[in-house]
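Have a look at the structure below, then the notes.
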């Protein structure tokens, strides 16, 4: 395709999605669930075809010299194919958020007013070369009554199309139009550019991937974006902390997984307990191979660790590296988080009621925790059933985004011939 | 000020607002209410100073040749000054949305997860020459825990500053920083341009005014905008309508006020009842001086009215003009609304349960009504206490925007040393 035909192609997808979105919004729960369950069966039935298409992508990726991590994400093992099908069934089992009516109350005028939950319309998902996202994202958009346009990494094109075919089978079986879930069928990067500039057809863009992708989407999109860019998460160990809990949480938040956005990147410790907390923690970190970079007071306590530079406080390492700062107390901790945090997830460890309450209220992050590991910031852990992404923005939705985040609320008014006097 | 110093000045306001927003978010309800009540007293005490500053604006406006409607909106009569003070007291009396905790529930891991309602941060309000908006907007932003930057029409600058001084007195009396509510102190239009380009200081922009203003803001803003552009509202009279209710609602929705966004602009009537409904309604409209523009079938029934052109179906008249179309039934009505509506407010008149339910579900507007006048689409009528605007967007908030629309929800997690296994 040349760039003009890419534009035309994308506009056509957009138009079809907009049209399909009306049927998606009106589709009954049972019908949507049927589509999801049938798609799950199709994925299992056609596991070998999916794997075969995936091998084409893997071969091309190896030839192109993709690194091992990328190839790993690209691979659809038998387990991952089963997990995709299982994921579809899990989404089918979730309650349908669409049409939920809440807060209906009578007004003095006699009208009854409340909210009805409705889909957003058309959702554009832009992601990297992880073909299982195709199934996940399609399922969440469908269940929430939205049409979706899915644009995965070009390295995964054959895999994505194979998965999309299985979903299309599910849609057909349920009597829904295939245009309800559309995978962008070209590796041309111009497709992304056009997708971001079709507000007439697309209501919201959700990018999933590395910072480069997110930044490009933020800069180019003329459509609202649900996203998070950084995850510079903090744990603050207060002077009233239970030091055993503090140790467990600070260790877990850093070492449970390194490459994830809800991993702790900076540990803040109240000065009065620093010398009791840090040496033991440092031992555990060091055993796990975590490099420590400390402020002056931390270095004074721990001795032979690297001195942190100013840049360390803003760094999202996504690696076995941890910045540690000793602070005077909760005020300075909150200030530090305000200045250096990314409004993702921050936790306090304390047994003090007032400080717990203060931290919860004053830390302006999408998830704020007391005595729990930042690693809990996750759609499954929060009970959303699944997660299409995490938002660190302030409007619409903050934190892990599940089905509800893919909907909004309109007002409904019931009268009996009421007019305004 | 030259354009560079306007930029610097706006950046300074932004910085101050960002700083103040932290105090606003943490301020207790009682303190915020105290500021509002003291500001109300200040407005009453200084009514003559406010009126005097307003006369300066009025004089300048007359000299500049502003039209009568604009001068009327600009004028702060004694009644309007009293109403401003009363408005502040009403906002003080509303429940505080900030800090509300909902849906806390235990997860299998043992953590307890729920939502806390939090302010958005800094809100930029851009409005035309109606100085009473200064008090309204400041009050709603303050009560919802946000800092605000208010940019009114340049013709109202002296009036706005006088009102802002009263609000500043209220803030001081409550021990809050004056930078919590800042009125832009220059008539330079570059100030608006800069306000729209400071995402580091401003979290959301709310434009209030005519289409020209809204369009400019939509085009230029790099900050999320809460707005509505058009109000092409419909009433659909179904064949199962109670014709007395239909008559009352259709008359009220058009004639109660003409220049408002929730007035009906197009009447849709089901063919089977058209010849019974329209003649009587036409008589009432004609007595009220409303010009009718009908589709072919309407003209066949009503005889001597103007034939509607294609453009009429998309027109927001804001005037005593009404487009009328006879449709086959509910399907065509919903289709018409989809194609020509502005997702503002649409109503069905019917006694049929299934059609009421279908219309509520399938019409994708910010307010959808059964057997009630579109004129009810209003923050006060809905019980929001007050309204800072109306949103026809899909994300964050739809319909009249009250205090809750100026907040969002973060996740809070309570644990007892919980770590992720």
- prompt: Since residue A:293 meets every condition but one in (1) crowded, with 19+ Cβ neighbours inside 10 Å; (2) in a helix (DSSP H, G or I); (3) in contact with a helix residue (DSSP H, G or I) (Cβ under 9 Å, 6 or more places away or on another chain), which condition does it not meet?
  reply: (2)
statement: Taking the stretch A:104-132 and keeping residues farther than 15 Å from residue A:404 by Cβ and out of contact with any helix residue (DSSP H, G or I) (no Cβ under 9 Å at 6 or more places or on another chain) leaves A:104, A:105, A:106, A:108, A:110, A:112, A:114
- prompt: Do we have residue A:276 as in a helix (DSSP H, G or I) and under 30 Å from residue A:69 (Cβ atoms) here?
  reply: no
- request: Only one of these is surrounded by fewer than 17 Cβ atoms within 10 Å (Cβ to Cβ) and within 21 Å of residue A:165 (Cα to Cα): A:38, A:44. Name it.
  value: A:44
- prompt: Considering only residues of the stretch A:83-104 that are within 14 Å of chain B (Cβ to nearest Cβ) and surrounded by fewer than 17 Cβ atoms within 10 Å (Cβ to Cβ), which is farthest from the chain's Cα centre (by Cα)?
  reply: A:104
- prompt: Out of the stretch A:16-25, which residues are over 24 Å from the mean Cα position of the chain (by Cα) and either more than 14 Å from chain B (Cβ to nearest Cβ) or without any contact (Cβ under 8 Å) to a residue 40 or more places away in the chain (or both)?
  reply: A:16, A:22
- line: Restricting attention to the stretch A:224-254, the residues that are part of a helix (DSSP H, G or I) and more than 10 Å from chain B (Cβ to nearest Cβ) number exactly 2
field: Index of the failed condition, residue A:109 passing every other in (1) in a loop (DSSP other than H, G, I, E, B); (2) more than 19 Å from residue A:32 (Cα to Cα); (3) under 19 Å from the mean Cα position of the chain (by Cα)
entry: (3)
- line: Just one listed residue, out of A:118, A:91, is under 21 Å from residue A:385 (Cα atoms) and part of a strand (DSSP E or B), and it is A:118
field: Among the candidates A:176, A:180, A:171, residue that is closer than 23 Å to residue A:389 by Cα, away from every other protein chain (no Cβ under 14 Å) and in contact with a helix residue (DSSP H, G or I) (Cβ under 9 Å, 6 or more places away or on another chain)
entry: A:180
Where residue B:152 falls short, out of the listed (1) out of contact with any helix residue (DSSP H, G or I) (no Cβ under 8 Å at 6 or more places or on another chain); (2) without any contact (Cβ under 8 Å) to a residue 40 or more places away in the chain: (1)
Criterion violated by residue B:68 - all others in (1) modelled with pLDDT under 95; (2) touching a strand residue (DSSP E or B) at 6+ places or on another chain (Cβ under 8 Å) satisfied: (2)
query: Can you tell me which residue in the stretch A:204-219 is modelled with the highest pLDDT, limited to those that are closer than 25 Å to residue A:21 by Cα and part of a helix (DSSP H, G or I)?
result: A:217
query: Which of the residues belonging to the stretch B:109-123 are facing chain A (nearest Cβ under 9 Å), within 30 Å of residue B:138 (Cα to Cα) and crowded, with 24+ Cβ neighbours inside 10 Å?
result: B:118, B:119, B:120
- request: Might you let me know whether the stretch A:301-310 holds any residue that is surrounded by 15 or more Cβ atoms within 10 Å (Cβ to Cβ), touching a residue at least 24 places away in the same chain (Cβ under 8 Å) and more than 26 Å from residue B:416 (Cα to Cα)?
  value: yes
statement: For strands (runs of 3 or more DSSP E) lying entirely in the stretch B:320-421, having 3 or more residues that are surrounded by fewer than 24 Cβ atoms within 10 Å (Cβ to Cβ) and either within 12 Å of chain A (Cβ to nearest Cβ) or in contact (Cβ under 8 Å) with a residue 60 or more places away in the chain (or both) picks out B:407-418
Filter pass, residue A:138 being in contact with a strand residue (DSSP E or B) (Cβ under 6 Å, 6 or more places away or on another chain), more than 14 Å from chain B (Cβ to nearest Cβ) and surrounded by 16 or more Cβ atoms within 10 Å (Cβ to Cβ): yes
message: Looking at the stretch B:250-265, can you tell me whether even one residue there is closer than 19 Å to residue B:337 by Cα, touching a strand residue (DSSP E or B) at 6+ places or on another chain (Cβ under 6 Å) and surrounded by fewer than 20 Cβ atoms within 10 Å (Cβ to Cβ)?
response: no
- request: Sort through B:133, B:163 and tell me the only one that's assigned to a helix (DSSP H, G or I) and closer than 20 Å to residue B:214 by Cβ.
  value: B:133
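The values are calculated or read from the model by the stated rules, or taken from the named source; none is laboratory data. This is a predicted model, so every value here is computed, not measured. Heads up, the Cβs are rebuilt from the backbone with ideal geometry, glycines too, and the neighbour counts pull from every protein chain shown.
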